[in-house]
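The values are calculated or read from the model by the stated rules, or taken from the named source; none is laboratory data. For clarity, every value in this text was computed on a predicted model and none was experimentally measured. For neighbour counting, all protein chains shown are included, and Cβ atoms are generated from backbone atoms with ideal geometry for every residue, glycine included. The protein model used for the area step is the full one, side chains on, heavy atoms only, and it has no ligands, DNA or RNA in it. Shrake-Rupley method; radii C 1.70, N 1.55, O 1.52, S 1.80 Å.
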Amino acid sequence: MKAKLDRIRQQVQEQILNCDSTEKLNEIRVSILGKKGQLTDLLKSMKDVAPEERPKVGQMVNETRGEIERILEEQKTKLERALREAKMKAEVIDVTLPAKKNEMGHRHPNTIALEEVERIFIGMGYEVVEGPEVEKDYYNFEALNIPADHPAKDEQDTFYITGDILLRTQTSGVQVHEMEKGKLPIRMIAPGRVFRSDEVDATHSPSFHQIEGLVIDKDITFADLKGTLAEFARELFGEDTKVKFRPHHFPFTEPSAEMDVTCFKCGGTGCRFCKGSGWIEILGCGMVHPHVLEMSNIDPETYVGFAFGVGLERIALLKYEIDDMRLLYENDIRFLKQF
Ligand code: DAH
């Protein structure tokens, strides 16, 4: 019996010492000391042992049991310590590493300029609306008094989706969408992206932004147009800014004009910035053509209006004294951060 017990103890000890996880250790415990374990079986066979031998054999079995439990416990402690050490090693934090920088973006000069323009017009009671960038030929040209054979169409050659659908060349089409809604009076500005098949250079890009303006009401005159746009220029470029209207031609306004502002760099005396003239052109405008009103079901006998169109990049370039439009599209944070 003693030899048998010794053999079991030795076998088990070997198993335990080779064991590398607490789960496996538990399996070993069950296979020896569990209800159906080897030692438990031995205890059950005590009935075959002679009665006088039983106390001695019982003691031996218990000793072996105690010994195995001790070895199991030792190995468990050892495994748990190793596990803890491995975990600590894996979770180590190197406090000497440089911290991760939180990279912040910056508002784009276009956005800053647009918000400024919106603030000015909202202050005068205008609504800010939007129109589609992919537009029907009708809204971009036809309804603005630019029929199929009109030369103005060539100047604004663009990207056609189909013969009838194109990327809008101007925000002026939003005027038509607003007039068609049939709600009068109208006092709106419509900022948005426009597209032209222009080569990229310091002042051109195939995609840029405009801000359209439209006012339709009774008794509107050219004086309202002048007063509104002069106030706009003063708020945007400074109190001392003067404006000048030069006759021009746009198919959808009659009469039409371009508005210049006194150079805010030299105050009008002439400098490199205004190319010596003292004036800088900033927008196109005019009284809405009666035919344009008619096409959108507004009676030109009762209603009149004025419209204007400003290039957003142009304003951003002027206001922030940026000399190359391409800089606006590179999105270099070192550039953007300056505004
Ligand atoms: N759409 C014109 C352009 O792209 C700008 C413009 C001129 C808009 C006169 C207007 C306007 O509303 O009245 O050149």
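What percent does the relative contact order of the stretch 2-90 come to when contacts are Cα pairs within less than 8 Å and at least six residues apart?
Working: 46 pairs, mean separation 33.8, N = 89.
With pairs under 8 Å counted, the relative contact order is 38 percent.
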Original post:
Whose amide H sits under 5 Å from the amide H of Thr169, counting only residues 5 or more places off or on another chain, with H placed in the peptide plane?
Top reply: Phe195
Original post:
Between His204 and Lys101, what is the FRET efficiency for a Förster distance of 45 Å, r being their Cβ-Cβ separation, to the nearest 0.05?
Top reply: 0.80
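Quick one: if the Förster radius is 22 Å, what FRET efficiency do Val128 and Arg234 give, using the C-beta to C-beta distance and rounding to 0.05? Don't skip to the answer; put the middle values down first.
Working: r = 21 Å, r/R0 = 0.94.
Result of the calculation: an efficiency of 0.60.
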Original post:
Could you state the principal axis extents of the C-alpha atoms in the stretch 241-306, from the largest down, to the nearest angstrom?
Top reply: 47, 18, 14
Original post:
Any idea how far apart His291 and Glu180 come out in nm if each label point goes 7 Å out from Cα toward Cβ?
Top reply: 2.0
**OP:** Using just the helices of the chain, give the 222 nm mean residue ellipticity in deg cm²/dmol: DSSP H runs with n ≥ 4 each add -39,500 (n - 2.57), and the total is spread over all residues, rounded to 500.
**Re:** -12500 deg cm²/dmol
Subject >> Relative frequency of Cα-Cα separations exceeding 21 Å in the stretch 180-339, percent >> reply: 53
Original post:
Just checking the chain: which Cys have no other cysteine's beta-carbon under 4.7 Å?
Top reply: Cys19, Cys285
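Just how many % of Cα pairs in the stretch 119-189 lie over 15 Å apart, if you round to the nearest whole percent?
On the way: 1408 of 2485 pairs.
Tail of P(r) above 15 Å: 57 percent of Cα pairs.
Ignoring ligands, DNA and RNA, what accessible area per residue does the chain give at 1.4 Å, in Å²? Don't jump to the answer; show the numbers that get you there.
Numbers: 19810 Å² over 339 residues.
Solvent-accessible surface per residue comes out at 58 Å².
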**OP:** Compute, for Tyr303, the solvent-accessible surface of its heavy atoms (probe 1.4 Å) with the complete set of protein chains present, and express it in square angstrom to the nearest 10.
**Re:** 50
**OP:** Please tell me the relative contact order of the chain in percent, rounded to the nearest whole number, where contacts are Cα pairs under 8 Å and at least six residues apart.
**Re:** 15
Original post:
Which pairs, out of Lys265/Lys337; Lys47/Lys78; Lys35/Lys56; Lys100/Lys265; Lys2/Lys78; Lys226/Lys319, put more than 31 Å between their alpha-carbon atoms?
Top reply: Lys47/Lys78; Lys100/Lys265
Original post:
Could you sort Thr169, Thr162 by accessible area so the largest value comes first, with the probe set to 1.4 Å?
Top reply: Thr162, Thr169
Original post:
Farthest toward the dipole's positive end in the stretch 109-336, which of Gly238, Leu336, Val134, given Cβ charges of +1 (Lys, Arg) and -1 (Asp, Glu) about the Cα centre?
Top reply: Gly238
Original post:
Among 28-41, 211-224, what's the highest-first ranking by average C-beta atoms within 10 angstrom per residue?
Top reply: 211-224, 28-41
Original post:
What order do Phe245, Phe141 take when sorted by accessible area (1.4 Å probe), most exposed first?
Top reply: Phe245, Phe141
**OP:** Please report, as a whole percent, how much of the solvent-accessible surface of the stretch 106-258 comes from carbon and sulfur atoms (probe radius 1.4 Å).
**Re:** 50
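Give the ranking of Asp198, Asp260 by solvent-accessible surface, highest area first, calculated with a 1.4 Å probe.
Asp198, Asp260
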Original post:
How far apart, in nm, are two points set 7 Å out from the Cα along the Cα-to-Cβ line at Lys275 and at Glu53?
Top reply: 12.1
Original post:
Per the Debye formula with a single identical scatterer at each Cα and no solvent contribution, what log10 I(q)/I(0) holds for the chain at q = 0.12, 0.14, 0.16 Å⁻¹?
Top reply: -0.91, -1.11, -1.34
Original post:
Could you list, bin by bin from short to long, the percent of Cα-Cα pairs of the stretch 279-339 in 10 Å steps?
Top reply: 17, 32, 19, 19, 12, 1
**OP:** Report, largest value first, the span of the C-alpha coordinates of the stretch 2-90 along each principal axis, in whole Å.
**Re:** 58, 19, 16
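For an R0 of 51 angstrom, estimate the FRET efficiency from the Cβ-Cβ distance between Asn331 and Glu85 and round to the nearest 0.05.
FRET efficiency, Asn331 to Glu85: 0.55.
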